[in-house]
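Quick notes on the structure that follows.
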Amino acid sequence: MWELRLARQDELEKIFALYAARVRWMDAAGIHQWNDTKYLERFPLGYYEDMQKRKLLYALADEQSGAICGAAVLLAQDERWDGSLQKRAWYVHNFVTAVGASGAGKAILREARKLASSRSMERMRLDCADGNARLNAWYDSQGDVPCGTCTDGPCHGILREKLL
């Protein structure tokens, strides 16, 4: 149904469009997150071009149609996790799904965890906006345990991890 794979250069505009659509969705839904923190300015198309060249940008594609339904940047280190770099972990950033792509978020996490395990990682880590109770409850339901807090410019988040 879904395939998580390295993003191709010819998919970058489609991937960036997912972020723009999600910001518009947040505006319409009254959610104050990416839309209030200049997310698209902080992470412009050039950022994703760089991540793709460095083989860090992953795309979630529908196996039948080939449509891009989500994306994430997977990093081997993250400065937000001060003092925890000795752990073998993958850090999920820029996690997005297409509006209306039910199950795509679970698929990205599931497949990213499989990739991390295949590379001998011990855990998967991410952060989530502290003011988004619904999203934090969803991460709780996925087994991503709160481990602390972080601040990245205007964003305040909760650090979460799941042992693999």
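Some values worked out for this structure:
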read-out: All positions within the range 53-66 that are modelled with pLDDT of 95 or more and over 14 Å from the mean Cα position of the chain (by Cα); value: 53, 54, 55, 61
read-out: Unique residue being aromatic (Phe, Trp, Tyr), farther than 17 Å from residue 157 by Cα and in contact with a helix residue (DSSP H, G or I) (Cβ under 9 Å, 6 or more places away or on another chain) when the list is 48, 39; value: 48
read-out: Residue in the range 92-103 that is modelled with pLDDT under 90 and buried (at least 20 other Cβ atoms within 10 Å of the Cβ) present; value: no
read-out: Single unsatisfied condition, residue 113 versus (1) open to solvent by less than 40 Å² (accessible area, probe 1.4 Å); (2) within 24 Å of residue 153 (Cβ to Cβ); value: (2)
read-out: Any hit, the range 103-125, residues being β-branched (Val, Ile, Thr), under 25 Å from residue 37 (Cβ atoms) and out of contact with any Gly (no Cβ under 7 Å at 6 or more places or on another chain); value: no
read-out: The range 77-91, subset open to solvent by less than 30 Å² (accessible area, probe 1.4 Å) and of a type outside the set (A, V, I, L, M), residue farthest from residue 34 (Cα to Cα); value: 84
read-out: Residue ID - most open to solvent (accessible area, probe 1.4 Å), chosen from residues in the range 116-159 that are assigned to a helix (DSSP H, G or I) and farther than 18 Å from residue 73 by Cα; value: 134
read-out: Options 55, 106; residue that is open to solvent by 70 Å² or more (accessible area, probe 1.4 Å), not acidic (Asp, Glu) and not in a helix (DSSP H, G or I); value: 55
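For every residue, the table says whether it meets (1) open to solvent by less than 70 Å² (accessible area, probe 1.4 Å); (2) without any contact (Cβ under 8 Å) to a residue 24 or more places away in the chain; (3) among the hydrophobic types (A, V, I, L, M, F, W, C); (4) not in a helix (DSSP H, G or I).
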residue	(1), (2), (3), (4)
5	yes, no, no, yes
13	no, no, no, no
18	yes, no, yes, no
28	no, yes, yes, no
66	yes, yes, no, yes
72	yes, no, yes, yes
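The values are calculated or read from the model by the stated rules, or taken from the named source; none is laboratory data. Keep in mind that what you see is a predicted model, and the values were worked out from it rather than measured. Note that we place each Cβ from the backbone using ideal geometry, even for glycine, and neighbour counts take in every protein chain shown. Just so you know, the surface numbers come from the protein's heavy atoms only, side chains and all, with ligands and any DNA or RNA stripped out. Shrake-Rupley method; radii C 1.70, N 1.55, O 1.52, S 1.80 Å.
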